[in-house]
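Below is one structure, written out as structure tokens; comments come after it.
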Amino acid sequence: MSTSFRNLLSSAGGRVIRNWEVSLTLILCFTAILFPLITALAISKGLRCQALISVQSGPAWTMVGEKNGSSGPISEAALKALEEELGLSGKKEITGRIIGRTTFINRVVALAGLDPSRVAGPFPLDQGRQIHREKEVLVGFSLAKTFHLHPGVQFSLPANPGVIFTVAGVLKPASLWDSELLVMSLSEAQTFFRKNGFVTEAAVATLPLPSDRIQGLEGKGLIPREKAHQWLNKGYQATGGIFIPFWIMLAALTIPALLISSGLGQSETTREISLLFSLGWSRTEMMVFKSLECGIISLGAAALATLCSLAWMKGANGMLIARFFVAEVGLVPDFPIPTRYLPLPTLAGWMFVFLITWIGSLAAVWSGTKKAPYGALR
Amino acid sequence: MDPIIQTTKLTKIYHPGKNSEVRALEDVDLIVPGAGLTVIYGPSGSGKSTLLALLGTLERPTSGEILLKGVPLSRYSDAGLSRLRRTTMGFIFQSFQLIPRLSAWENVAFPLIPLGISLTERRNRALRLLEEMGVADRKDHRPEELSGGEQQRVATARALVQDPEIIIADEPTSNIDAEAVDQLLAIFSRFIKRGKTVITASHDPLIREKAHHLFYLQKGRLVSP
């Protein structure tokens with residue numbers, strides 16, 4: 001780094017500190033803009049990461065029943081035939097399950113019907129115990145909290161009011177997916193949905209297979225783990241949904257931010273630029289000087305926004321803000337909101353603020369050097 | 001030998017062709033032969049400041065030419081003019097134009113920042129000049145903590161920090177008392193003794209008395225007083 005550049009850098013830093021009122025106002029304005037964006041991206045990445053881990057630790061193959069473009073039943077006989085065809089045995093096997101939706105009072109909840117003997121381990125519980133008897137269920141943490149479902153409480157569901165369930169345990173708040181979940185045995189779920197002998201999904205655990213065999217299985221509607229992984233990734237890469245209003249908001253905020261960055265202390269800045277001009281600074285040196293100043297301010301804003309977001313998500317579990325990005329989450333989330341902070345969003349935030357402040361300072365340098373600089377100094 | 005500054009048919013029109021057109025200078029032919037104190041005077045609005053801005057290369061003329069040691073300034077690019085200002089000119093403004101949040105020595109050293117001079121060297125140069133101007137004891141004070149005369153001397157030190165050949169001073173005595181005017185004239189005198197040039201616009205009779213070259217401007221034209 002040349003001495004000249006180092007001098008400009010330290011002087012730009014000095015100016016940011018000297019004009020701390022303007023610098024702080026700009027940093028806080030841009031932090032307010034970047035904070036929700038960085039938080040939203042961190043939550044989105046966190047959800048994606050959690051989903052990918054779930055797929056990664058899941059079965060080698062999944063078969064999903066399909067009917068008229070929606071999930072449909074798969075008969076147990078079909079599963080048996082597939083098992084025989086694949087020649088699976090022992091731990092390499094096909095496990096059927098039911099994943100469906102139902103209403104609980106006024107809320108749509110997920111219902112999972114699983115074969116307890118084929119679940120890898122016990123469910124992590126906050127209260128109560130695992131399912132041992134008929135008509136027993138495990139309930140998600142949020143659901144239990146909202147409807148006071150403690151172990152021993154009995155309830156029925158509107159879809160099949162004749163069946164009375166008893167809460168055996170409450171799931172530990174671990175992720176978004178299980179906060180509003182009802183877990184019951186596979187046979188209970190089949191009875192509840194009146195689909196005896198059918199499942200909605202089949203998890204297939206296999207040894208590594210040759211490629212011609214893989215193609216054959218895909219033809220039978222089986223989805224390999226890699227493909228599920230790929231689809232999930234693609235889905236989360238889409239920048240639609242909640243991000244569209246964000247981009248609109250950012251675009252809308254850019255205009256006042258630009259005005260603030262170029263307008264705050266405008267007359268003083270113009271005078272200072274005119275003075276530098278008269279002192280023999282070239283336009284390039286002034287641009288470098290102002291660019292460094294913008295770089296410092298934008299770095300401050302991006303770093304502060306990331307730190308605030310980290311503190312808010314880790315310290316307050318995204319209280320008040322998470323509900324804007326995760327469906328059916330209250331003001332105070334009941335489960336740990338997954339987040340993942342990557343350098344890219346902070347870097348993008350820094351670039352965004354840099355560009356806005358830089359354009360603002362370009363205008364100041366232009367007017368300070370082109371529009372009769374001597375006049376500004378008299 | 002070429003005069004240090006010469007102008008031919010120098011004209012400056014602001015907002016030409018518009019309703020707000022102002023003919024600030026018209027056909028000014030001026031010769032500043034060399035070292036000494038050149039004073040430009042005349043009534044308010046006569047174009048003194050515009051002439052200084054043009055001679056100081058801060059603005060370009062609408063027409064006409066300025067020759068600096070025989071070299072036309074129109075040949076210079078904007079970057080070239082910046083280099084010329086840096087190496088050849090020092091400015092003293094009527095209202096001093098010190099940067100409010102910088103100390104006296106920081107203000108003096110400010111022009112040296114892009115030159116790749118270390119902080120220690122910049123500080124040493126600034127302190128030497130402040131010493132010469134008799135305000136070394138005020139080196140850490142901000143402009144608002146200095147009297148008008150002290151601010152003037154800090155501004156003068158800043159103008160001298162790059163050891164220019166020409167000092168351009170616009171009404172340098174209008175905001176200071178008589179004692180400070182004497183001190184400023186003494187500084188100018190020392191500067192001129194080193195073979196340098198001071199060009200100033202001033203109403204001050206004390207300054208005019210000391211002038212080596214006098215020019216009278218009226219309505220943008222050089223006339224006999």
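The values are calculated or read from the model by the stated rules, or taken from the named source; none is laboratory data. If you're wondering where the values come from, they're calculated on a predicted model, not measured in any experiment. Glycine also receives a Cβ, built like all others from the backbone with ideal geometry; neighbour counts cover every protein chain displayed.
Observations
- The residues in region B:160-180 that are out of contact with any helix residue (DSSP H, G or I) (no Cβ under 7 Å at 6 or more places or on another chain) and either surrounded by 15 or more Cβ atoms within 10 Å (Cβ to Cβ) or within 14 Å of chain A (Cβ to nearest Cβ) (or both) can be counted, and the count is 4.
- Among the residues making up region A:182-199, a single one is in a loop (DSSP other than H, G, I, E, B) and under 21 Å from A:Gly140 (Cα atoms): A:Phe193.
- Residue in region A:172-181 that is outside any loop (DSSP other than H, G, I, E, B), hydrophobic (A, V, I, L, M, F, W, C) and more than 32 Å from the chain's Cα centre (by Cα) present: no
- Filter result (part of a loop (DSSP other than H, G, I, E, B), out of contact with any Leu (no Cβ under 6 Å at 6 or more places or on another chain) and away from chain A (no Cβ under 14 Å)) within region B:39-78: B:Pro43, B:Lys69, B:Gly70
- Test: residue in region A:326-333 that is closer than 28 Å to A:Trp20 by Cβ and in contact (Cβ under 8 Å) with a residue 12 or more places away in the chain: no
- Helices (runs of 4 or more DSSP H) wholly inside region B:111-225 containing at least 3 residues that are among the hydrophobic types (A, V, I, L, M, F, W, C) and touching a residue at least 12 places away in the same chain (Cβ under 8 Å): B:119-133, B:148-160, B:178-193
- Candidate set from region B:79-120 (those that are more than 21 Å from the chain's Cα centre (by Cα) and more than 10 Å from chain A (Cβ to nearest Cβ)); member that is farthest from B:Thr57 (Cα to Cα): B:Thr120
- Count of region A:271-329 residues which are assigned to a helix (DSSP H, G or I) and within 20 Å of B:Val108 (Cα to Cα): 11
- Of the residues making up region B:1-31, just one is charged (D, E, K, R), without any contact (Cβ under 8 Å) to a residue 40 or more places away in the chain and within 20 Å of B:Leu217 (Cα to Cα), namely B:Glu21.
- Region A:14-40, residues that are within 12 Å of chain B (Cβ to nearest Cβ) and not polar (S, T, N, Q): A:Gly14, A:Arg15, A:Val16, A:Ile17, A:Arg18, A:Trp20, A:Glu21, A:Val22
- Entry remark, region A:293-335: residues being over 30 Å from A:Val139 (Cβ atoms) and not β-branched (Val, Ile, Thr) number 16 in total.
- Exactly one residue out of B:Leu102, B:Leu98, B:Leu127 is among the aliphatic types (A, V, I, L, M) and either closer than 16 Å to A:Ser274 by Cα or in contact with a Ser or Thr (Cβ under 9 Å, 6 or more places away or on another chain) (or both), and it is B:Leu98.
- Looking across region B:181-201, just one residue is closer than 14 Å to B:Val32 by Cα and either surrounded by fewer than 15 Cβ atoms within 10 Å (Cβ to Cβ) or at pLDDT below 90 (or both), and that is B:Gly195.
- Sole residue being farther than 27 Å from A:Leu8 by Cβ and either touching a Pro at 6+ places or on another chain (Cβ under 9 Å) or basic (Lys, Arg) (or both), chosen from B:Leu98, B:Leu184: B:Leu184
- In region A:83-107, the residues that are at pLDDT 70 or above and among the hydrophobic types (A, V, I, L, M, F, W, C): A:Leu86, A:Ile94, A:Ile98, A:Ile99, A:Phe104, A:Ile105
- The residues on offer are B:Leu127, B:Leu67, and the sole one that is at pLDDT 95 or above, touching a Lys or Arg at 6+ places or on another chain (Cβ under 7 Å) and surrounded by fewer than 21 Cβ atoms within 10 Å (Cβ to Cβ) is B:Leu127.
- Test result for B:Ile99, outside any helix (DSSP H, G or I) and either in contact (Cβ under 8 Å) with a residue 60 or more places away in the chain or surrounded by 15 or more Cβ atoms within 10 Å (Cβ to Cβ) (or both): yes
- Within region B:58-85, residues that are on the phi > 0 side of the Ramachandran plot reach partners that are crowded, with 17+ Cβ neighbours inside 10 Å and not acidic (Asp, Glu) with beta carbons closer than 7 Å, at six or more positions or on different chains, in the pairs B:Gly64/B:Thr7; B:Gly64/B:Leu10; B:Gly64/B:Thr11; B:Lys69/B:Ile4.
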